[in-house]
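Each reported figure results from applying straightforward, stated rules to the coordinates on display, with no laboratory input. As the structure is a prediction and not an experimental result, all values here were calculated from the model. Here the Cβ positions follow ideal geometry from the backbone for every residue, glycine too, while neighbour counts run over all protein chains shown.
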Amino acid sequence: MNMRVVSLNVGMPKEVPGPNGPVLTGIYKSPVAGRIPLRRHQLEGDGQADLRYHGGEHKAVYAYPYEHYAYWRERLGRTDFVFGQFGENLTVEGMLESEICIGDVFAIGTARVEVTQPRQPCFKLGIRMDMPEIVKMLLESERCGFYLRVVEEGDIAAGDPAMRIKQDPERVTVQAVNHVRFFDKTNREVIEKALRVEALSPSWREDLEKLLQKTEK
């Protein structure tokens, strides 16, 4: 299947009711039309609320596979989903976690982006979905999506093909990294392989290094 961007979604942080009071969040993303500048840390018109855990160089753009929408509609029995439902900037097609690898570089429009890590959902997704349990469900389903670093700034638009112009030699998929981090924590082979990927984000590198140390005890 050809890889492409189905929808571009942006949104600025806003305050919403949370389980323990008001919460500032940037998880509410809405589709935008036309060619949009992709800058070093975000799409134009987009923003993150808590820069300790969101945004920054290694999490500039969040991509989520369009194919997962059908899975969640059926599993949850919901028909109210819109693009950006999972807080993604790019709703993508043909780019499943089982096929995309950490360190892969893609040309989209005039920009270049690099895969850095899986997405680890937080409680704000539960607020967005009005369903706190979705956080655990998404993690367990391993339909996590992935973050991208902007290698070259440029303009992108919905409908643009995503052309893989570099494949990381280790070929560690997003799914494999996510699985070893949360469900197969003693798999030294996969952990060591992932740690050899230069593009792996610092936060996930730190987590995997800790797992590796535990396997040595």
Net length gained if the chain between E133 and F183 were fully extended (0.36 nm per residue, minus Cα distance): 16.2 nm
Relative contact order of the range 4-168, pairs being alpha-carbon contacts under 8 Å that are 6 or more residues apart, as %: 32 percent
Listed residues N187, N178, N20, most fluctuating in the chain (Gaussian network, C-alpha, under 10 Å): N20
The range 119-217: relative contact order in percent, alpha carbon pairs under 8 Å with at least 6 residues between: 19 percent
Label point distance in nm, Q167-E206, each placed 7 Å from Cα along Cα→Cβ: 3.3 nm
Helix-derived mean residue ellipticity, 222 nm - over the chain, DSSP H n ≥ 4, -39500 (n - 2.57), to 500: -7500 deg cm²/dmol
Euclidean distance between Cα centres, the range 1-74 to the range 161-204, Å: 22 Å
Shape of the range 83-185, Cα gyration tensor, a/c cut at 1.5: oblate
Entries in K59/K193; K29/K59; K29/K166; K59/K214 that, when Cα-Cα distance is taken, lie over 25 Å: K29/K166; K59/K214
Karplus-derived 3J(HN,Hα), 6.51/-1.76/1.60, for each residue of the range 204-214, Hz, glycine and proline x: 6, 4, 4, 4, 6, 5, 5, 4, 4, 4, 5
Amide hydrogen neighbours beyond the local backbone of V10, cut-off 5 Å, H modeled: S30, V32
Separation of the E140 and S30 label points, Cα + 7 Å toward Cβ, nm: 3.4 nm
